[in-house]
Amino acid sequence: MHWRAGLDPKGAKIVRGAGSRLSCVLVQPLLSRVVRRIGDRHPSVFARLGIYKKSAFLIDPVELPFALHLCPDPEAPAFRAVPRDSTPHAQAMIRGRFMLLLELVDSQRDGDAAFFSRDLEVSGDTEAVVRLRNALDDVEGSIAEEAAGILGAPGRAILARLRRAYKSEAEGFQQA
Amino acid sequence: MSPGELICPAGTPAALRTAVDAGADAVYCGFQNATNARNFPGLNFTPDELAGAVAHAHSKASKVLLALNTYPPAGKVDLWRAAADTGARLGVDAFIVADMGVADYIARTYPDIRIHLSVQAAASSPEAIRYYCENFGVKRVVLPRILTIPEIRSIRKEIPCEIETFIFGNHGLMVEGRCSLTNYLTGQSTNMDGVCSPASDVEFVRHDDGTMSSRLAGFAIDCFGCGEKAGYPTICKGRYTVPHRSDAYYAFEEPVSLNLARLLPELIDAGVHAFKIEGRQRSKSYVRSVVSAFRAAVDDIRAGRPANITDLVALTEGQKQTQGAFATKKWR
Ligand code: SF4
């Protein structure tokens with residue numbers, strides 16, 4: 001981004017940090033509503049998580065300006081955008097491109113296959129990750145669409161646009 | 001012509017519905033305990049979920065096979081018997097069994113429910129298979145993945161039951177039902193506890209240079225270079241250094257999946273009754289893709305058309321596939 005061109009590396013880091021914090025503030029209300037809605041509509045997710053419903057997960061969509069911190073506790077579900085330079089403690093970390101993560105949540109892609117291809121990285125408590133994956137995979141329908149639906153028509157339009165962009169990018173990769 | 005029934009995996013009720021909708025003739029699944037060989041965290045069915053799954057499958061003319069395919073520790077059979085009782089009450093169409101004691105209990109208590117002999121029983125000779133048929137009324141044997149197609153053809157002529165073979169998925173070490181490798185490191189095994197490489201013992205570590213190590217119970221079992229395709233963190237797929245070689249190598253088995261799509265016509269011709277897709281631990285996405293691909297291929301072959309075979313390599317372990325011993329005993 002050319003507005004950073006005149007900054008020294010330390011200055012660029014500060015600007016990036018500020019941008020990241022601003023993004024977090026902007027998406028925060030939506031994320032909180034998403035996790036509450038999913039928890040209300042799919043309570044079986046908590047049974048599959050077992051004791052790990054009290055755990056914290058750091059989800060890191062590599063191309064977004066922030067990471068996501070998920071605590072799927074049914075009594076106090078929390079889903080927060082957090083700046084990368086000061087992420088809170090988490091038992092497990094899941095890292096990949098944003099649309100890949102979205103497709104995994106929606107079971108449009110297979111998690112093991114994404115792990116084999118090295119597009120998906122996991123670290124920390126592997127059991128926590130396996131439980132989260134299995135819990136989400138048992139959800140019927142599209143979690144992404146439910147989340148987009150919270151914002152109504154604009155949310156669905158953004159999701160459709162993201163999917164189209166990702167599809168053409170993926171096709172571009174295949175042709176390369 | 002053999003019916004070429006498709007036997008498909010389901011680790012959750014949603015995966016079972018996906019398999020049925022994608023054309024599964026039967027779906028196999030298990031309870032959330034050590035009675036089955038995919039006793040993974042957050043996976044499998046509660047009795048209530050299984051009741052719903054049986055109703056859904058039967059409404060679409062699919063069958064449900066309940067995997068009770070682990071070995072109870074001596075004298076501790078209650079969990080397995082209770083699982084069989086629940087399965088019978090819920091109307092499952094068959095039990096997949098490895099242990100003779102479990103088979104005996106089911107044969108005596110529920111003589112009208114079919115018993116399929118699990119791959120975990122490792123019955124690979126006509127004599128062994130006949131023993132299970134004669135003593136426990138086994139109706140189908142799932143063959144270990146150690147046999148060539150001519151060997152399967154000749155076994156078929158000497159046994160009184162149906163044959164099921166794996167056609168896709170995880171390709172374990174060639175001593176199915178007798179693997180204790182994981183037990184050596186973690187104290188747990190597929191055969192007794194239903195879990196190979198328990199997730200709680202697995203650790204992936206990303207290094208600053210982009211490489212990734214996988215560890216089991218604290219022991220490094222592989223280190224993948226940047227961009228190198230990865231496999232499951234099981235000991236049989238580990239890469240080791242040994243005194244007689246200068247490089248680390250896959251001493252037992254490589255990260256690779258079985259794919260017999262191109263051998264389906266020969267397997268049908270050899271008298272294989274049913275085809276099993278591995279992967280109860282995989283996602284709905286995997287189930288949808290693999291079941292649909294094999295449904296189309298089997299339907300083509302049975303209709304006398306050339307099989308339209310979808311490329312499934314993106315779903316394979318290490319993104320590599322093999323025909324294993326089915327094609328040649330020299331496969332490894
Ligand atoms: S170590 Fe390999 S062969 Fe042995 S049970 Fe595990 S996956 Fe199967």
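The values are calculated or read from the model by the stated rules, or taken from the named source; none is laboratory data. Quantities reported herein were computed from a predicted structural model and do not represent experimental measurements. Every residue, glycine among them, receives a Cβ derived from its backbone with ideal geometry; neighbour counts consider all protein chains shown. Surface areas here come from the heavy atoms of the whole protein model, side chains and all, with no ligands, DNA or RNA. Shrake-Rupley method; radii C 1.70, N 1.55, O 1.52, S 1.80 Å.
Listed values, structure above:
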{"quantity": "Debye-sum result for chain B in log10 I(q)/I(0), which assumes one identical scatterer on each alpha carbon, at q = 0.09, 0.11, 0.12 Å⁻¹", "calculated": "-0.46, -0.70, -0.84"}
{"quantity": "Fraction of beta bridges assigned by DSSP in the range A:6-141 that are antiparallel (%, nearest 5)", "calculated": "70"}
{"quantity": "The protein assembly as shown - share of DSSP beta bridges that are antiparallel (%, nearest 5)", "calculated": "45"}
{"quantity": "Pair A:Asp73, B:Val313: separation of 7 Å Cα→Cβ label points (nm)", "calculated": "4.8"}
{"quantity": "Computed over the range B:198-250, the ratio Rg/Rh where both radii use C-alpha atoms and Rh is Kirkwood", "calculated": "0.97"}
{"quantity": "Förster radius 22 Å - calculated FRET efficiency between A:Leu30 and A:Ala160, Cβ distance, rounded to 0.05", "calculated": "0.85"}
{"quantity": "Lys pairs under 20 Å by Cα in chain B, provided they are eight or more residues apart or on distinct chains", "calculated": "16"}
{"quantity": "Pairs of Cα atoms farther than 16 Å apart, the range B:19-62, %", "calculated": "42"}
{"quantity": "Using a Förster distance of 45 Å, the FRET efficiency for B:Asp85-B:Asp299 (Cβ separation, nearest 0.05)", "calculated": "0.75"}
{"quantity": "Karplus-derived 3J(HN,Hα), 6.51/-1.76/1.60, for each residue of the range A:29-37, Hz, glycine and proline x", "calculated": "x, 5, 4, 4, 5, 4, 5, 5, 4"}
{"quantity": "Per-residue average of Cβ from other chains inside 10 Å of B:3-13", "calculated": "1"}
{"quantity": "Farthest positive-ward along the protein assembly as shown dipole, Cα basis, beta-carbon charges - from A:Ala157, B:Phe224, B:Pro265", "calculated": "A:Ala157"}
{"quantity": "Contour excess over end-to-end distance, with Cα ends at B:Glu134 and B:Asp78 and 0.36 nm allotted per residue", "calculated": "17.7 nm"}
{"quantity": "Per residue accessible area of the protein assembly as shown, 1.4 Å probe, in Å²", "calculated": "44"}
{"quantity": "Contact order normalised by residue count of the range B:198-250, Cα under 8 Å, 6+ apart, percent", "calculated": "23"}
{"quantity": "B:Thr234, B:Thr316, ranked by accessible area, largest first (probe 1.4 Å)", "calculated": "B:Thr234, B:Thr316"}
{"quantity": "Overall Cα dimensions of the range B:3-125 - principal axes, largest extent first, Å", "calculated": "40, 33, 24"}
{"quantity": "Relative contact order computed over the range B:197-288 (Cα-Cα under 8 Å; 6+ residues apart), in percent", "calculated": "15"}
{"quantity": "Average other protein chain Cβ within 10 Å of Cβ, residues B:223-234", "calculated": "2"}
{"quantity": "For the protein assembly as shown, average projected area of the Cα convex hull in nm²", "calculated": "26.9"}
{"quantity": "Residues of the range A:124-154 with amide N under 20 Å of the 7 Å Cα→Cβ point at B:Thr211", "calculated": "A:124"}
{"quantity": "Student exercise, the range B:71-144 dipole from Lys, Arg, Asp, Glu Cβ charges, in Debye to nearest 20", "calculated": "80"}
{"quantity": "Helical contribution to [θ] at 222 nm, DSSP H n ≥ 4, -39,500 (n - 2.57), averaged over chain B, rounded to 500", "calculated": "-9000 deg cm²/dmol"}
{"quantity": "With DNA, RNA and ligands ignored, accessible area of B:His273 (1.4 Å probe; Å², nearest 10)", "calculated": "40"}
{"quantity": "Sequence-distant residues sharing a close amide H with B:Phe219 (under 5 Å, placed H)", "calculated": "none"}
{"quantity": "Number of partner chain Cβ atoms within 10 Å, mean per residue of B:41-50", "calculated": "5"}
{"quantity": "Karplus-derived 3J(HN,Hα), 6.51/-1.76/1.60, for each residue of the range B:206-216, Hz, glycine and proline x", "calculated": "8, 9, 4, 7, x, 7, 9, 9, 10, 10, 10"}
{"quantity": "Debye intensity ratio in log₁₀ form over the Cα atoms of the range A:6-141, taken at each q of 0.19 Å⁻¹", "calculated": "-1.15"}
{"quantity": "Highest to lowest packing among B:10-23, B:187-200, scored as the average C-beta count within 10 Å", "calculated": "B:10-23, B:187-200"}
{"quantity": "Accessible area of the range B:141-269 belonging to carbon and sulfur atoms, whole % at 1.4 Å probe", "calculated": "52"}
{"quantity": "Within the range A:6-141: Cβ-based charge dipole about Cα centre, in debye rounded to nearest 20 (Lys, Arg +1; Asp, Glu -1)", "calculated": "540"}
{"quantity": "In Hz, Karplus ³J(HN,Hα) per residue of the range B:99-111 (6.51, -1.76, 1.60; θ = phi - 60°; x = Gly, Pro)", "calculated": "7, 5, x, 5, 4, 5, 4, 5, 4, 7, 7, 10, x"}
{"quantity": "The range A:6-141, relative contact order in percent, only Cα pairs under 8 angstrom and at least six apart counted", "calculated": "25"}
{"quantity": "Amide H contacts under 5 Å for B:Phe45, placed H, 5+ residues apart", "calculated": "B:Gly30, B:Phe31, B:Gln32"}
{"quantity": "Part-to-part distance (alpha-carbon centres) for the range B:100-161 and the range A:60-86, which is given in Å", "calculated": "51"}
